[in-house]
Amino acid sequence: MTTALPGFPPALVRRLVIKIGSALLVDPAGEVREGWLRTLVADVAARRAAGQQIIIVSSGAIALGARRLKLPRGGRGSLEDAQAAAATGQIALSQCWAGLLGEQGITAAQMLVTLDDLENRRRYLNASATLERLMQLGVVPVVNENDSVATAEIRFGDNDRLAARIGQAAQADAVVLLSDVDGLYTANPHVDASAMLIETIDKIDARIAAMADGGSASGMGSGGMTSKIQAARIATGAGAHLAIISGKVDSPLSHWADGGRGSIFLAAPAKRARKGWLAGRLTVRGRIIVDAGAEGALARGNSLLPAGVRGVEGSFARGDVVDIATQDGRVIARGLIEYDSDAATKIAGRRSEDIAALLGEMPRSVLVHRDHMAMI
């Protein structure tokens, strides 16, 4: 893929995901910031006219619904309030997007997804196929988390990571997160005047992760810089660039393309589709702790053998997704486990030829096969 350029121009980025948070789309009184949104829709129309395919990931349903239902704490006082607010606000949100896009001659489509829709392989492929067909038809999908049915345990919780997963499912070239800050800083710029913007990030290491601040400045949204860096891991691992730019200006995409500031996380080489899906998952069932020898073997492209395992955590069944971590806690891979947690515990640290004696059979010689594993 071509090296990222500020603005993600249509000539270089064929398919773009744009994420808009609640604090940008909804004002403190719970009304849509329609004047600002019109400028963004005009940006979208201009990019489409230049040949770029656009997918929108839009927050705002809970904030809009809370005002209509007169719920306290912006509708986030309880899971039940959030679900009711989302169900009410989603109608208003979709009507707003359909109307403004329609004024530009653009057909909008609504897609509501849950975390489980993208963590389940079959439903993930269904979502991917739907997005692809909408792109072929010239439609702009407007995607949001289905908060009316999502539970506290099984939800994205923020649309930054949702945007990255949608980008992966749609095989997008880039993702843009419109934010209340204009990129990643060395410290929180709201409280530290010496903080400096980092314009290009080619690798997300511990130093970059340490710069994140988990708070949402507006109190209206659910994400912070931590969620944006997590989103960047997913997007870049899927071969897409990810940018964080300011949404606090009119025509934010044009402003950025004309020299506005922002941070770009550069794409890594894309993994094969199944391995990319594995690496981008947000939920796992357990963790396998490995020694240095196994870590080196995995880095060389080998499968995980029982001999290199030093610990088994969690309760899982064969075929579940597990993390593979070093003894100091670094997650280095993710894969589909070949044994349930009880059997994995019994054979941990043992040679493959000992499995039959320990379990009464030896159906498989590896714990995680390299074809079902993604390095992280």
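Obtain the nm distance between the two label points defined at residue 359 and residue 116 by a simple spin-label model: each point lies 7 Å from its Cα along the Cα-to-C-beta direction.
Placing both labels 7 Å beyond Cα along the Cβ direction yields 2.8 nm.
Extending each Cα 7 Å along its Cβ direction at residue 103 and residue 187, get the distance between those two points in nm, one decimal.
Output for this residue pair reads 4.3 nm.
If you project the alpha carbons of the stretch 284-375 onto their three principal axes, what span does each projection cover, largest first, in Å?
Each principal axis gives a Cα extent; for the stretch 284-375 these are 33, 24, 24 Å.
For the chain, build the charge dipole from Cβ charges (+1 Lys, Arg; -1 Asp, Glu) around the Cα centre, then report which of 335, 186, 352 sits farthest towards its positive end.
352
With each pseudo-label sitting 7 Å past Cα toward Cβ, what's the residue 130-residue 302 distance in nm, one decimal?
4.3
Which angle from 0 to 90°, rounded to the nearest 10, does the C-alpha axis of helix 34-49 make with the longest principal axis of the chain?
Here the helix axis deviates by roughly 70 degrees.
Specify the angular offset, from 0 to 90 degrees and rounded to the nearest 10, of the alpha carbon long axis of helix 121-136 from the longest principal axis of the alpha carbons in the chain.
30
If packing is taken as the average count of other Cβ atoms within 10 Å, what order do 226-239, 177-190 fall into, highest mean first? Walk me through the numbers on the way to the answer.
On the way: 226-239: 23.4, 177-190: 20.3.
Top of the packing list down: 226-239, 177-190.
Each value in this text was obtained by applying a stated rule to the coordinates, not by laboratory testing. This is a predicted model, so every value here is computed, not measured. With ideal geometry, Cβ positions are generated from the backbone for all residues, glycine too; neighbour counts draw on all protein chains shown.
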